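Asks: Sharing a structure with you now.
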Amino acid sequence: KYRALADACELSASPQIRNVGTMGGNLAQESACEYYRGDFHCWLKGGEKCFMREGENRHAAIFGYNECVHVHPSDPAIALVALDAKIFVRGKNGAREIAAAEFFQRPTADNRRLNVLGDDELITNIQLPLFPNSRSAYEKAMERATFTHALVSAAVRLDFDGEKISAARVVLGAVAPIPWREARAEEILVGKKLSDEIIAHAAEVIARDAQSLAQNAYKVRLARALVKRGLMQLM
C-alpha cells in the first residue's frame, strides 16, 4: 500500500544519510537551487531577483512559480501528498494537524517560506491513512544513477473498487515549488478499469499547462514518461 513512500525514501539519499536524517528534516529542508545555496542574494533570500530564471535554469520549475522558479527538493513529500498523509506539528501554542498537500506553500513577496511551519514548531509525527484496496508507485529521473535530486519525479496512487478505480492521485516532483497534483489525469483514471489505453490517455494530459523556461522543456516529456511508468506498475 505504501510502496510509493518506501521507494521515495530509498531514492532520496545514500544509506549513510538516511540513517542519521529524519523525515521531518527532509520535508522542511530549504531549496536546493544552486543560486539560493550559493553566494547570490536572490529573491528567495529576500533579494529582488531570481537568478535562475534567466541563468542556469534546467532544474527550474515549469508550474506554479512567480518571482522565484525553484522546485521543492523532497522525494518523500511527493509520495506523502499522493498518499493523503497528515503531518502533525507542535509549538508553544500546542499541536496541530496539517494535510500533506497543505504543508508546502509557494513563496510570495509577503511570505517567502516554503512551508507553513511556524518559527517555534516542529514536526512530531506523520500519519498515513489505511486504504483497503490500494496500490502506489514512485518514479524518479536523476542526472546520475543514485542519490541525487530529481530532474522530475512522480508518485501515483490508485484505490480500487473491484476492477474499477475509485480514487486516484497523480503527483509530480521537481516541477514546482510544491508537490504538484495533476487533477486532469486523476479525473481520467477514476471510474475506469486500468488498461494500456487509459494509462496512455492519463499520461498524455500531464503537464499541458507547463510554462517552460529556456532550458527545462524536457521536463514535460519526462513527467509524462514517469507517470506512464508508474501507472504501468499498478496493473
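The values are calculated or read from the model by the stated rules, or taken from the named source; none is laboratory data. The structure displayed is predicted, hence computed values, not measured ones. All Cβ positions, glycine included, derive from the backbone under ideal geometry; neighbour counts span all protein chains shown.
Yes/no per residue for (1) over 25 Å from residue 146 (Cβ atoms); (2) among the charged types (D, E, K, R):
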| residue | (1), (2) |
| --- | --- |
| 2 | no, no |
| 9 | no, no |
| 17 | no, no |
| 29 | no, no |
| 41 | yes, no |
| 49 | yes, yes |
| 54 | yes, yes |
| 58 | no, yes |
| 61 | no, no |
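Asks: What pairs come up if the first residue lies in the stretch 214-232 and is exposed (fewer than 15 other Cβ atoms within 10 Å of the Cβ), the second is modelled with pLDDT of 95 or more, and their beta carbons are under 6 Å apart, counting only those six or more places apart or on different chains?
Replies: 215/57; 215/58
Asks: Taking the criterion of being free of Cβ contacts under 8 Å to residues at least 60 places away in the same chain, under 30 Å from residue 112 (Cβ atoms), in a loop (DSSP other than H, G, I, E, B) and of a type in the set (A, V, I, L, M, F, W, C), would at least one residue in the stretch 184-200 satisfy it?
Replies: no
Asks: Give me a count of the residues in the stretch 155-177 that are of a type in the set (A, V, I, L, M), within 20 Å of residue 69 (Cβ to Cβ) and assigned to a strand (DSSP E or B). Steps first, please.
Replies: So the first thing to find is which residues in the stretch 155-177 are of a type in the set (A, V, I, L, M), and the list is 155-156, 158, 165, 167-168, 170-172, 174-176.
Imposing the further condition that a residue be within 20 Å of residue 69 (Cβ to Cβ) reduces the set to 171-172, 174-176.
The next check asks that each one be assigned to a strand (DSSP E or B); those that pass are 171-172.
Residues that pass the stated criteria total 2.
Asks: Right, another one. What residue, among those in the stretch 150-175 that are charged (D, E, K, R) and closer than 13 Å to residue 231 by Cβ, is surrounded by the fewest Cβ atoms within 10 Å (Cβ to Cβ)? Walk me through it before giving the result.
Replies: Filtering the stretch 150-175 for residues charged (D, E, K, R) gives 157, 159, 161, 163-164, 169.
Then drop every residue that is not closer than 13 Å to residue 231 by Cβ, which leaves 157, 169.
Details: 157: 28, 169: 24.
Looking at the filtered set, the residue picked out is 169.
Asks: Residue pairs, Cβ under 7 Å, 6 or more apart or interchain, first in the stretch 167-181 and at pLDDT 95 or above, second part of a loop (DSSP other than H, G, I, E, B) and among the β-branched types (Val, Ile, Thr). List them.
Replies: Hits for this filter: 167/190; 168/190; 174/71; 175/62; 175/71; 176/71; 177/71.
Asks: Which of the residues that make up the stretch 1-46 are among the acidic types (Asp, Glu) and farther than 14 Å from residue 76 by Cβ? Step through it out loud before you land on a result.
Replies: Narrowing the stretch 1-46 to residues among the acidic types (Asp, Glu): 7, 10, 30, 34, 39.
Selection gives 30, 34, 39.
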